[in-house]
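Since the structure comes first, as structure tokens, the remarks are kept for the end.
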Amino acid sequence: MSDQSTREGRFLTGSTMGHVLRMTLSGTAGITFLFLVDAANLFWISWLGETKLVAAMGFAFAVQFFSISFGIGLMIAATALVSRSIGQRKREQAREQAGAAMVMAVIFQSLVALIMVLFADQLVELTGAVGDTAEFARRYLVLTLPSLPLMAAGMIGGAIMRAEGDALRAMLVTMGPGVVSAAVDPFLIITLDLRLDGAALAVWASRIAMAAIGLYFVVKTHDLLARPKVTTLKATFRPYAGIAGPAMLTQLAAPFGSYLLTTVVAGFGDNAMAAWAVVNRLTVLAFGGIFSLSGAVGGIFGQNFGAGRYDRLKMTYRDALIFCVAYPVTVWIILMSLHESLVTGFGLTTEGGDFLYAFTHVGAGFFIFTGMIFVATAAFNNTGRPIYSTGINWVREGLVTLPLALWLSSIYGASGVIYAQAIVGVVLGLIVTLWAYRFIAGAPKTNAR
């Protein structure tokens, strides 16, 4: 048997905290840079001085969130499947699964793009956008959605890198497109005066770069992408879909919840929507470490679960929780200190500034508990119980947050949406943290059945 097929997964030895920090911080660097460029994109649009354009990007984000969440679900499944095979020292199987996952993800996202383009008018209308703002949002979506297959290829490439444990190259898959976007954004939006169309073209440029970088590293550096055969696709479809289906349903809970909350915020006018667009960008930018934590520890959970190293599962879970306490507290302090600068920089009104204050001074602090939820769902996704993650997220986003947001917004205005998210995060975060810990502690019995 070749060295390639018997090589031990790199997460099976060494400090679990070291692996958590290395994978998460590298993932944070990549995703934060990518979202920094997205925030800069919004910043350049805000420079045009038209609140409707900024608000339109807020409405468009509510729709785009769905398509991105499909991609994240597909990515989670690829990481779980490939990392388990690597943990079992079945590298050729991992190569075949990676190739099949890449093909299936690109096909699926192509269908998603087609459906969302065909129904763009209806999707925008459901967010509550009206008039010119709605037309701007619709146009932006129609221009950017066809690039989803490219994004899928790049995201699966990054997932395979994480499954292998290559933190640096997984980071570059997201950082590289960010560099491209940073270079073309101001040129397209401001210099050429393409405005929202320029922002859409920048999305295409970044996703082309993401696909190219991801494929290069997977094929040329690690040789972890076998040319898929029909038999391989058939063999991989069921286990991949078994993880991807629940994972996508899990990820769709967040955009569904965001969609509902967007309709609540929309009732307070374009100024509130402009602030909501800023909050959405700041959330993914400032808490990139928390968002990347779930994907980063997935490969660590998967390899150790595949190898039967249950003691390391518990250590990984503990270390991930430590990270998701320390990181948000640091970010919270920074956001509070930057509040006034953010209000001025994005040209928010007094009403928008009050909404942003609720996020920087209250909502941001409670991301500790949101992080705990992400760690728990990562544990379930990669240890054979993705359906648990689905239930957790839909209870949070689909059942609990909206009623609380409607009630609190009737008292505190648009800021009530932020307070509702914080309260739900605390209660659910504590519950699922204990649940996931007990599940991992019983993993040897569960896996033996």
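Summary of values
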| quantity | calculated |
| --- | --- |
| Conditions (1) farther than 22 Å from ALA78 by Cα; (2) modelled with pLDDT of 85 or more; (3) more than 18 Å from the chain's Cα centre (by Cα): number failed by ALA364 | (3) |
| Pairs with Cβ under 9 Å, 6+ apart, first in segment 420-438 and in contact (Cβ under 8 Å) with a residue 60 or more places away in the chain, second not in a helix (DSSP H, G or I) | ALA422/VAL362 |
| Segment 46-70: number of residues that are in contact with a Gly (Cβ under 9 Å, 6 or more places away or on another chain) and surrounded by fewer than 24 Cβ atoms within 10 Å (Cβ to Cβ) | 5 |
| The listed residue being surrounded by fewer than 24 Cβ atoms within 10 Å (Cβ to Cβ) and of a type outside the set (Ser, Thr, Tyr), out of GLN88, GLN109, GLN97 | GLN88 |
| Qualifying residue in segment 252-267 (condition: in contact with a Leu (Cβ under 7 Å, 6 or more places away or on another chain), surrounded by fewer than 23 Cβ atoms within 10 Å (Cβ to Cβ), within 28 Å of ALA378 (Cβ to Cβ) and of a type outside the set (Val, Ile, Thr)) | yes |
| Residues that are over 21 Å from ALA247 (Cβ atoms) and among the acidic types (Asp, Glu), drawn from segment 73-128 | GLU92, ASP121, GLU125 |
| Flag for THR330 being among the polar types (S, T, N, Q) and either surrounded by fewer than 22 Cβ atoms within 10 Å (Cβ to Cβ) or not in a helix (DSSP H, G or I) (or both) | yes |
| Qualifying residue in segment 351-363 (condition: free of Cβ contacts under 8 Å to residues at least 12 places away in the same chain, within 25 Å of GLY267 (Cβ to Cβ) and either of a type in the set (S, T, N, Q) or touching a helix residue (DSSP H, G or I) at 6+ places or on another chain (Cβ under 7 Å) (or both)) | no |
| Any hit, segment 201-217, residues being in contact (Cβ under 8 Å) with a residue 40 or more places away in the chain, outside any helix (DSSP H, G or I) and under 28 Å from ASN304 (Cβ atoms) | no |
| Residues satisfying the stated conditions in segment 167-221, i.e. farther than 26 Å from ARG138 by Cβ, surrounded by 18 or more Cβ atoms within 10 Å (Cβ to Cβ) and more than 22 Å from the chain's Cα centre (by Cα) | none |
| Of all residues making up segment 333-353, the number that are out of contact with any Ser or Thr (no Cβ under 6 Å at 6 or more places or on another chain) and part of a helix (DSSP H, G or I) | 14 |
| Some residue of segment 128-148 being surrounded by fewer than 24 Cβ atoms within 10 Å (Cβ to Cβ), of a type in the set (D, E, K, R) and outside any helix (DSSP H, G or I) | no |
| Qualifying residues in segment 359-403 (those that are among the β-branched types (Val, Ile, Thr) and assigned to a loop (DSSP other than H, G, I, E, B)) - the one surrounded by the fewest Cβ atoms within 10 Å (Cβ to Cβ) | VAL362 |
| Every residue from segment 203-223 that is modelled with pLDDT of 90 or more and among the aliphatic types (A, V, I, L, M) | ALA205, ILE208, ALA209, MET210, ALA211, ALA212, ILE213, LEU215, VAL218, VAL219 |
| Filter result for GLY299 (under 18 Å from the mean Cα position of the chain (by Cα), small (Gly, Ala, Ser), at pLDDT below 85 and more than 17 Å from ALA163 (Cα to Cα)) | no |
| Inter-residue pairs, beta-carbon under 6 Å, first more than 9 Å from GLY352 (Cα to Cα) and of a type in the set (A, V, I, L, M) and in segment 267-279, second crowded, with 24+ Cβ neighbours inside 10 Å and at pLDDT below 85, 6+ apart | ALA277/VAL54; ALA277/MET57; ALA277/GLY58 |
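The values are calculated or read from the model by the stated rules, or taken from the named source; none is laboratory data. Note that the structure is a prediction, hence the values are computed from the model and not measured. Using ideal geometry, Cβ is built from the backbone for each residue, glycine included, and neighbour counts are taken over all protein chains shown.
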